[in-house]
Structure formats: C-alpha cells, structure tokens
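**Q** Let me begin by handing over the structure; questions about it come next.
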Amino acid sequence: MSKVKTPREKKQLSYANDRRNTYGENQKSSRKNIPRSKQLSHQDERRAVRQTLIAA
C-alpha cells in the first residue's frame, strides 16, 4: 500500500500527534489548573472511599 496521504489526513494526523492545549484556556494558566483539577478529583475519590470506610 502507498503511504501517500491526502492533505486532510496529514493535517488530522498532525493534530493528533500535537500536544496542543485543548482546554481552551491560556497556556500559562493551564499549566497550573490542569494538575489542580486532577488533584481535586483524586482527592474527592479518596474522600468518598474514606467516608464509606469510616461508616463501616
């Protein structure tokens, strides 16, 4: 098979490989806010598990 791609396929692959900021925020604020949101979600999960264990 030929590896020649259409320009549209090339662009889609380029965007897929790109490490673009898809959060729609300023890149400098995303640097802080993305880890913060991950931290808060993990913290909520730990809190929920802890509450069920305390109740048991």
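The values are calculated or read from the model by the stated rules, or taken from the named source; none is laboratory data. Small disclaimer: the values here were computed from a predicted structure and weren't measured. Counting neighbours? That spans all protein chains shown, and the Cβs are built from the backbone with ideal geometry, glycine included. These area figures cover heavy atoms from the full protein model, side chains too; ligands, DNA and RNA do not enter into them. Shrake-Rupley method; radii C 1.70, N 1.55, O 1.52, S 1.80 Å.
**Q** Give me the pairs: first residue in segment 9-37 and open to solvent by 100 Å² or more (accessible area, probe 1.4 Å), second residue of a type in the set (V, I, T), beta-carbon distance under 7 Å, and six or more apart or on different chains, which are they?
**A** What qualifies is Y23/I34.
**Q** Sticking with this structure for a sec: In this structure, does L53 turn out to be free of Cβ contacts under 8 Å to residues at least 60 places away in the same chain, assigned to a helix (DSSP H, G or I) and open to solvent by 100 Å² or more (accessible area, probe 1.4 Å)?
**A** yes
**Q** Collect the residues in segment 1-46 that are within 14 Å of the chain's Cα centre (by Cα) and assigned to a loop (DSSP other than H, G, I, E, B), keeping them in residue-number order.
**A** Correct list: D18, R19, R20, N21, T22, Y23, G24, E25.
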